[in-house]
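Only one structure is covered here, and it is reproduced in the block below.
The values are calculated or read from the model by the stated rules, or taken from the named source; none is laboratory data. What you see is a predicted model; the values in this text were computed from it and never measured. Ideal geometry is used to build each Cβ from the backbone, glycine not excepted, and the neighbour counts take in all protein chains shown. Accessible surface areas use protein heavy atoms only, side chains included; no ligands, DNA or RNA. Shrake-Rupley method; radii C 1.70, N 1.55, O 1.52, S 1.80 Å.
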Amino acid sequence: MMVLTNTLCVLPKQLRLGNILRFISTCSKKLNDGSYMATERPPLPIMTSRKIEFPNPYIAPKQAWLENLDTVNSEKLGIVDLHPDIFGVAPRIDMLHRNVKWQQLYKYINYDWEPTRAEVRGGGRKMWPQKKTGRHRAGSNRAPQWRGGGKAMAERGPYSKYYMLSEADRINGLCIALSVKYAQNDLHIVDSLEIPTDESEYLEELIDTRYWGFSALFVDDTDIMPENIALAASDIGQFNLMPVYGLNVYSILKHNTLVLTLAAVDKIEKKLLERLHSPFLHSSKKGKRPS
């Protein structure tokens, strides 16, 4: 049964059957009993431009489509302007490698431990007299050259390999990773993460229909995600949700597709532009603020 109100969904004249069905599917929401309830959507395009802070006078802003997630097939809701200093940076493999290596090592702890000659049992007595035996000089059978002896330059774990990457390298790594995803057409911007159902099959069909690859990272401006997409993505290991404050280079490169909400784009640009234009960013070689 179809429940459509004339005030929210008005069918244009002279539409073919396929267009009518598509129009109904985009203007309606399926209920639990199988019926559909009309949902309000402004006429397309919703937006054609977007104000960006700290505009670059020498480089034109990048542009991307604003898409939706409430239908399986992609709909272009408008065009979004992106800051060229964040989404149009020249790729640097060394900077990406520096960030990925830091993320893998800063939380790594080596637990390897081997005994030295002082910690091996026995070996207190001299093996034979120092002279007049025709043998080499030996003071203990627990020296590293003896079988069962201690280890020279042994592993003395546990110890941490933690170190802090400079703020300039971390910010540049994020900008380069976002620019690489944009250049490879693996960056998609949506109006919100709301989907009509919490079934994982819907999310899989959406990803397959839009050719978004085998894995996708959905980023929103807050850590309170919509219920439907949180339940749908919980059953699929390669589809992950992340707030803006957890965005990192390793997670961006690990997933085939990066999906950002419009609110997430605003917060990402705001935070990165504040640090890029900060007087303390390049004041020290180690990325620390001067005392």
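Quick rundown of the values:
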| quantity | calculated |
| --- | --- |
| Filtered residues of region 226-242 (kept if more than 16 Å from GLU199 (Cβ to Cβ) and modelled with pLDDT under 95) | GLY237, GLN238 |
| Search result, residues across region 160-217 that are under 16 Å from MET242 (Cβ atoms) and basic (Lys, Arg) | LYS181 |
| Pairs, first more than 17 Å from GLU269 (Cβ to Cβ) in region 49-73, second aromatic (Phe, Trp, Tyr) and open to solvent by 70 Å² or more (accessible area, probe 1.4 Å), C-beta under 9 Å, six or more apart | none |
| Test: residue in region 102-121 that is open to solvent by less than 90 Å² (accessible area, probe 1.4 Å), out of contact with any Lys or Arg (no Cβ under 9 Å at 6 or more places or on another chain), closer than 30 Å to ASP186 by Cα and not assigned by TED's automatic domain parsing to the domain that holds LEU206 | yes |
| Tabulated pairs, region 84-97, first on the phi > 0 side of the Ramachandran plot and at pLDDT 95 or above, second open to solvent by less than 20 Å² (accessible area, probe 1.4 Å) and among the aliphatic types (A, V, I, L, M), C-beta under 8 angstrom, 6+ apart or interchain | none |
| Residue check for PRO290: at pLDDT below 95, open to solvent by 70 Å² or more (accessible area, probe 1.4 Å), in a loop (DSSP other than H, G, I, E, B) and touching a Ser or Thr at 6+ places or on another chain (Cβ under 6 Å) | yes |
| Residue tally, condition crowded, with 17+ Cβ neighbours inside 10 Å and assigned to a loop (DSSP other than H, G, I, E, B), over region 226-247 | 2 |
| The one condition in (1) closer than 30 Å to ASN68 by Cα; (2) of a type in the set (A, V, I, L, M, F, W, C); (3) in a loop (DSSP other than H, G, I, E, B) that ILE86 fails to fulfil | (3) |
| Scan of region 173-204 for residues that are open to solvent by 30 Å² or more (accessible area, probe 1.4 Å), in contact (Cβ under 8 Å) with a residue 60 or more places away in the chain and not in a helix (DSSP H, G or I), ordered by number | ASP186, ASP191, SER192, GLU194, PRO196, THR197 |
| Members of region 153-171 found to be in contact (Cβ under 8 Å) with a residue 24 or more places away in the chain and open to solvent by 50 Å² or more (accessible area, probe 1.4 Å), listed by number | GLU155, ARG156, PRO158, TYR159, SER160, LYS161, TYR162, TYR163, MET164, ARG170 |
| Region 141-172 - residue that is outside any helix (DSSP H, G or I) and among the hydrophobic types (A, V, I, L, M, F, W, C) and, of those, nearest to the chain's Cα centre (by Cα) | LEU165 |
| Hits in region 205-225 (condition: under 14 Å from THR257 (Cα atoms) and loosely packed, with under 13 Cβ neighbours inside 10 Å) | ASP208, THR209, TYR211, PHE214 |
